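Written below as structure tokens is the structure these notes are about.
The values are calculated or read from the model by the stated rules, or taken from the named source; none is laboratory data. In this text, all values refer to a predicted model and were calculated from it rather than measured experimentally. Glycine gets a Cβ as well: all are built from the backbone with ideal geometry, and neighbour counts include every protein chain shown.
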2 protein chains.
Amino acid sequence: MRSHYCGDLNTSHLDQEVVLCGWVHRRRDHGGVIFLDLRDRNGIAQVVVDPDTEEAFARADRSRSEYVLKIRGLVRRRPEGTVNANMSTGEIEVLAKDVEVLNTSETPPFMLDEFGKVGEEVRLKYRYVDLRRPEMAEKLRFRSRVTHQIRNCLEEQGFLDIETPILTRATPEGARDYLVPSRTHEGHFFALPQSPQLFKQLLMVAGFDRYYQIAKCFRDEDLRADRQPEFTQIDMEASFVEEADIMGAAEGMIRKVFQESLGVDLGVFPHMPYSEAMNRYGSDKPDLRIPLELVDVGDLMANVDFKVFSGPATDPKGRVAALKVKGGAELSRKQIDDYTKFVGIYGARGLAWIKINKRADGLDGLQSPIVKFMEGIIDQLLDRVGAEDGDIIFFGADKAKIVNEALGALRCKLGEDLNLYTCEWAPLWVVDFPMFEENSDGSLSALHHPFTSPKCTPDELEASPADKLSRAYDMVLNGTELGGGSIRIHNQAMQQAVFRVLGISAEEQREKFGFLLDALKFGAPPHGGLAFGLDRLMMLMTGAKSIREVIAFPKTQSAACVMTDAPGEVSQAQLKELNLRLRVKAQAED
Amino acid sequence: MRSHYCGDLNTSHLDQEVVLCGWVHRRRDHGGVIFLDLRDRNGIAQVVVDPDTEEAFARADRSRSEYVLKIRGLVRRRPEGTVNANMSTGEIEVLAKDVEVLNTSETPPFMLDEFGKVGEEVRLKYRYVDLRRPEMAEKLRFRSRVTHQIRNCLEEQGFLDIETPILTRATPEGARDYLVPSRTHEGHFFALPQSPQLFKQLLMVAGFDRYYQIAKCFRDEDLRADRQPEFTQIDMEASFVEEADIMGAAEGMIRKVFQESLGVDLGVFPHMPYSEAMNRYGSDKPDLRIPLELVDVGDLMANVDFKVFSGPATDPKGRVAALKVKGGAELSRKQIDDYTKFVGIYGARGLAWIKINKRADGLDGLQSPIVKFMEGIIDQLLDRVGAEDGDIIFFGADKAKIVNEALGALRCKLGEDLNLYTCEWAPLWVVDFPMFEENSDGSLSALHHPFTSPKCTPDELEASPADKLSRAYDMVLNGTELGGGSIRIHNQAMQQAVFRVLGISAEEQREKFGFLLDALKFGAPPHGGLAFGLDRLMMLMTGAKSIREVIAFPKTQSAACVMTDAPGEVSQAQLKELNLRLRVKAQAED
């Protein structure tokens, strides 16, 4: 219907007749002439409708915001003084000859440039209006472009795009499955996949050698800020590989995509063992843009006359750590109180601090509620953290887990609040993860998943599982885990050993993972892989504030779609076909 | 781990040391030497292990079928007389220096070259073994390649890849939805999409202009031979377009893919109105490779003294049609009986026929149980169908729907049985579909779906809906519907008119389609699109006998996965969280 996109017009089209189709973005009457800003996918062009073209003028006159118009007209240079240097089409305008109204529009629920006046719920309900905002549309266009770059990059490396099932069996990724009742198999349910993990491993056993898929995954979790019940994963797996092969391919892909899409060179990603990340940053996904580091001071605190410190300092599972903030002595009492509340979210029972107002011998010039306990060790302490005049030192003292989480989060918050960032992008690999983590009851869970290969023999694993490392690796960017993966177990005995450590009985192994154990005994190759969270990656790359901005039709935090009103009610007949009844209903009937 | 793929080796690698990884495809001992055919993704290479390399020999000697080996060795020319011209690697072999067993294998459930000895159920249970067969693996590799070509083709044309939700609201595509109980919204259910239809229309309303997605779709139907509960659609939609734009883009894409992947030039696709397809071929997806055509003979039969023919001939909803088969007089009584049974599947109560053994005036030389009724009209009949000596004419006489289905199916069966194909590929577009079809109770259903634009005004539609045509189009190849689409309704009044014709009350419209009706009133552009069945396309292109051959992990015809044993049972706790109970269980408890 059109000859050009509105947004593509420029002075190279001068004196050409063009046909444009689009939406009335703005309308102004000025000196008896109507100015229409016509918007389409590629941008906005100014259309001038003169009263001379009577019919066209009458139609333009009736047009309101978001009317859909088709306009035939002549491209001409804008009069001197009306050129708009901020628009790609700002040097030209289109003098309309014909105006056709393709569709009218009622007054939209909100004006595109006034979206801030309505809440997110209204914008989600009228998502098709909100997505017309150029900055929203651009995020999805960017996503489409980058997704295709990723595909090209993986195809070039010989990865095969293979689809795995959505209706499948419950997989043990740790989260809750979405279930789908089967009509033909009474009382049985499919599960929606939390990831294609086992299927991609089976594709390796089948000999496909290199697999990828941009795959929908599902988790029925209580949603936090940046979770969605369905999310998209860039999933890859390869055979006859070691860590360096997969990490190299994945790092190369991310580097290429940043280069091509953002013009950003991420450089070579440093590798950091998990233990170092926890010690220095209190996190297994450290934000390396922030120069703050946790420093262990437990040895100094073991004998201070302050139980809050000396207790954790002498507890094998405790930790006492300091976090020095350069220039932080300027923080107000109110700010410090707020940070104290903040670390409380992570279980910390307080936030001790020392301000170094003027460094001197002893306690001179130091301001702190706790400094009185430090008399004998204060010089050592200040030296160790490298404190200078004007700094503040925060302390965490508790179980190591709590100290790491609290000070790790505080570190990121301080980085943001005080704008301490030393660079725009800080990628790294975290490696050498423990194979297991301890639950509160002393049992063990897989830190990644039970198909991750340990760095030891099955016997060594079973003898002392808690201290064994795995062959897992996580890619971290700016404090966000972009992706994670591992070399997998390809040996049945090792897989069974891991299951035993996890307390999965032989019977349960057979029932839940029989097909995997079978596959491992018929010639499974060494293999490994990785999965990226595509939504998260897009959010980082576009600078979006919420994951919902990079998803066309996202769910709310209560896992609902306010536009289509999903989930919805279903009829008794449908339930009966599925051999189900609602529990409340059943009780009422009983 | 490897330096080369097994299948890539040739004489250009002579005298090079290579490292191969793969599976023992075959093992032979010959003259004290071990020959291993090592298989990987790209093919098979012959490895020779000499007793001189003691350790390697011992390991090769222990290796059995499907062991996973890593082999270091030297590429050398095969001795004269042992070259295998059927293998790409047939001129060379690898003299092993080292053999490493990466994994062992128990005797597999079936040998790859003896897969025919086991049933499909066993092959599906051990899918990861069955997929090792080179012809199976090649189908999925082909699918991956073609899918990427399709993406490239659509990206080049400016289509944006946008993901739509899997957890959504029931959509009215006619089939049964898969439901997903919501845990957070008690008694409410998501539905898995039967297609992204409404979402892609909303993306057009949002102004994305050109959308595509290779999308998973779901239908909980009783499975026929070539259906799967989940299937994959190449889904596209564009704004400010007419039929020719979408059909042109889609046809260009399919033509390009056939050219690039199969070296086949499909040429320009002919267009055929629905009414012509039904009249000439008894089908809206005619297989034009077969030269047989249905010929109307109702006018001739109106007055014959044979109720079976004269009845339908004078019934406005009846049809009497002839199907002449050149050389068909050679069909045996047994064959004709079989065809009579065959048309019975489609509701035909018999299959009348006339053999033209020797054409002569009157009934001379004609052999038929019914020819006696034809006395007055036989010459006209033979002329009309162009019968010659040695031909047979079959007849269908019943309601038009039954005649079309029965003779349409018979036409295809005869084409296959007698190998009447005149070409390898016969694509076409079927156009000018009726907007509605009549149900047995006289009510109307949408022939495509209720969002298809009719070729008339809302008033004309409501005045006489049954005879109105739609702006739909189907792409047909070799008697299979590859894809279908339409120009959609972009006007609220028209959409409401269609809903009214379908008997959907204003209240039900609001409840089920409120968000669509809203979207249509806020400036919906004219738009249309199309969706291809990717599985079906792959099946045709690879010549697969079943859709299950082009899907990595398909379901059986009872919608189950015998490998993972899905669907499976779930715990009472899980059901309780979802506020559900099994109906049987509930009854037992009551």
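Structure above, values below:
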read-out	value
Boolean, residue B:159 is facing another protein chain (nearest Cβ under 7 Å) and more than 30 Å from residue B:24 (Cβ to Cβ)	no
Inter-residue pairs, beta-carbon under 9 Å, first at positive phi and in region B:545-568, second part of a loop (DSSP other than H, G, I, E, B) and of a type in the set (Gly, Ala, Ser), 6+ apart	B:559/A:182
Single match in B:259, B:194, B:233 (criterion: in a loop (DSSP other than H, G, I, E, B) and either at pLDDT 95 or above or within 14 Å of chain A (Cβ to nearest Cβ) (or both))	B:194
Residue count for region A:459-508, restricted to those that are in contact with a Leu (Cβ under 6 Å, 6 or more places away or on another chain) and either assigned to a loop (DSSP other than H, G, I, E, B) or of a type in the set (D, E, K, R) (or both)	1
Matching entry among A:91, A:100 (being away from every other protein chain (no Cβ under 12 Å) and either at positive phi or touching a residue at least 24 places away in the same chain (Cβ under 8 Å) (or both))	A:91
Qualifying residues in region A:268-287 (those that are free of Cβ contacts under 8 Å to residues at least 60 places away in the same chain and surrounded by fewer than 15 Cβ atoms within 10 Å (Cβ to Cβ)) - the one nearest to residue A:534 (Cα to Cα)	A:268
Where residue B:207 falls short, out of the listed (1) under 17 Å from residue A:568 (Cβ atoms); (2) part of a loop (DSSP other than H, G, I, E, B); (3) within 7 Å of chain A (Cβ to nearest Cβ)	(1)
Matching option when the condition is outside any loop (DSSP other than H, G, I, E, B), touching a residue at least 24 places away in the same chain (Cβ under 8 Å) and at the interface with chain A (Cβ under 7 Å from one of its Cβ atoms), among B:200, B:216	B:216
Region A:21-68, subset small (Gly, Ala, Ser) and surrounded by 15 or more Cβ atoms within 10 Å (Cβ to Cβ), residue nearest to residue A:82 (Cα to Cα)	A:45
Of residues in region A:220-230 being part of a loop (DSSP other than H, G, I, E, B) and crowded, with 21+ Cβ neighbours inside 10 Å, the one farthest from the other protein chains (Cβ to nearest Cβ)	A:228
Residue A:470 being modelled with pLDDT under 95, in the same structural domain as residue A:197 (by TED's automatic domain parsing) and not β-branched (Val, Ile, Thr)	no
Residues within region A:151-191 that are among the hydrophobic types (A, V, I, L, M, F, W, C) and part of a loop (DSSP other than H, G, I, E, B), tallied	6
Of residues in region B:430-457 being outside any loop (DSSP other than H, G, I, E, B) and buried (at least 19 other Cβ atoms within 10 Å of the Cβ), the one farthest from the chain's Cα centre (by Cα)	B:454
Checklist (1) crowded, with 22+ Cβ neighbours inside 10 Å; (2) modelled with pLDDT under 95; (3) more than 7 Å from every other protein chain (Cβ to nearest Cβ) applied to residue A:154, failing item	(2)
Test: residue in region A:547-558 that is touching a Lys or Arg at 6+ places or on another chain (Cβ under 8 Å), over 18 Å from residue B:190 (Cβ atoms) and surrounded by fewer than 21 Cβ atoms within 10 Å (Cβ to Cβ)	yes
Candidate set: region A:333-358, residues that are touching a helix residue (DSSP H, G or I) at 6+ places or on another chain (Cβ under 7 Å) and assigned to a loop (DSSP other than H, G, I, E, B); chosen: the one modelled with the lowest pLDDT	A:357
Single residue of region B:162-182 satisfying the filter (surrounded by fewer than 22 Cβ atoms within 10 Å (Cβ to Cβ) and among the small types (Gly, Ala, Ser)) that is farthest from the other protein chains (Cβ to nearest Cβ)	B:174
Cβ pairs under 7 Å, 6+ apart, first in region A:300-315 and loosely packed, with under 15 Cβ neighbours inside 10 Å, second polar (S, T, N, Q)	A:303/A:310
Filter result (out of contact with any helix residue (DSSP H, G or I) (no Cβ under 6 Å at 6 or more places or on another chain) and not in a loop (DSSP other than H, G, I, E, B)) within region B:93-114	B:93, B:94, B:95, B:97, B:100, B:102, B:103, B:105, B:112, B:113, B:114
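One line per residue, one yes/no per condition, for (1) more than 8 Å from chain A (Cβ to nearest Cβ); (2) surrounded by 17 or more Cβ atoms within 10 Å (Cβ to Cβ); (3) out of contact with any Phe, Trp or Tyr (no Cβ under 7 Å at 6 or more places or on another chain):
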residue	(1), (2), (3)
B:490	no, yes, yes
B:493	yes, no, yes
B:498	yes, yes, yes
B:517	yes, no, yes
B:528	yes, yes, yes
B:567	no, yes, no
